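To keep things clear, I will list the structure first and then write my remarks on it.
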Amino acid sequence: QVQLVESGGGLVQAGGSLRLSCVASTINFSIYTMRWYRQAPGKQRELVAGITRGGNTNYADSVKGRFTISRDNAKNTVSLQMNSLKPEDTAIYYCNAFNLPYNYWGQGTQVTVSS
């Protein structure tokens, strides 16, 4: 059974930083595109950042220059470094592993940014 386990969420003041991590089990991690999504209360889930198996990255406009996604294939881990956090970054952050036809999700980790 595939598991994606996120960690690193928490409460931080505006302007602060957090680093999210997601560890994947029982998949050939290196071939998957890994993504971070977030969902704020009353809003749709949105893509925050993604990294392909080749290391190409993409970001939502709202986080460009503040967030950095990275992966460590040896550790089956994808990370999201979040700097200069804003209250509007408050959401549940989900890890996603995608390689057609497979699409796996973690349970999510809460990030709360206070003003």
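The values are calculated or read from the model by the stated rules, or taken from the named source; none is laboratory data. In this text, all values refer to a predicted model and were calculated from it rather than measured experimentally. For neighbour counting, all protein chains shown are included, and Cβ atoms are generated from backbone atoms with ideal geometry for every residue, glycine included. For accessibility, only protein heavy atoms count, side chains too; no ligands or nucleic acids. Shrake-Rupley method; radii C 1.70, N 1.55, O 1.52, S 1.80 Å.
Among the residues of segment 3-27, the ones that are more than 19 Å from Ile92 (Cβ to Cβ) and surrounded by 12 or more Cβ atoms within 10 Å (Cβ to Cβ) come to 1 in all. Looking across segment 54-87, the residues that are outside any strand (DSSP E or B), open to solvent by 20 Å² or more (accessible area, probe 1.4 Å) and either among the polar types (S, T, N, Q) or touching a residue at least 40 places away in the same chain (Cβ under 8 Å) (or both) come down to Asn56, Ser62, Asn73, Lys75, Asn76, Asn83, Ser84, Lys86, Pro87. Candidates in segment 28-40 are the residues that are touching a residue at least 60 places away in the same chain (Cβ under 8 Å) and open to solvent by less than 60 Å² (accessible area, probe 1.4 Å); of these, the one that is farthest from Ala74 (Cα to Cα) is Arg38. Every test in (1) touching an Asp or Glu at 6+ places or on another chain (Cβ under 8 Å); (2) open to solvent by 40 Å² or more (accessible area, probe 1.4 Å) is passed by Lys43 save one, and that test is (1).
Residue count for segment 88-101 satisfying the condition of being open to solvent by 20 Å² or more (accessible area, probe 1.4 Å) and either in contact (Cβ under 8 Å) with a residue 40 or more places away in the chain or touching a strand residue (DSSP E or B) at 6+ places or on another chain (Cβ under 9 Å) (or both): 6. Residues of segment 88-115 that are over 14 Å from Trp36 (Cβ atoms) and not in a loop (DSSP other than H, G, I, E, B): Glu88, Asn99, Tyr102, Asn103, Thr112, Val113, Ser114.
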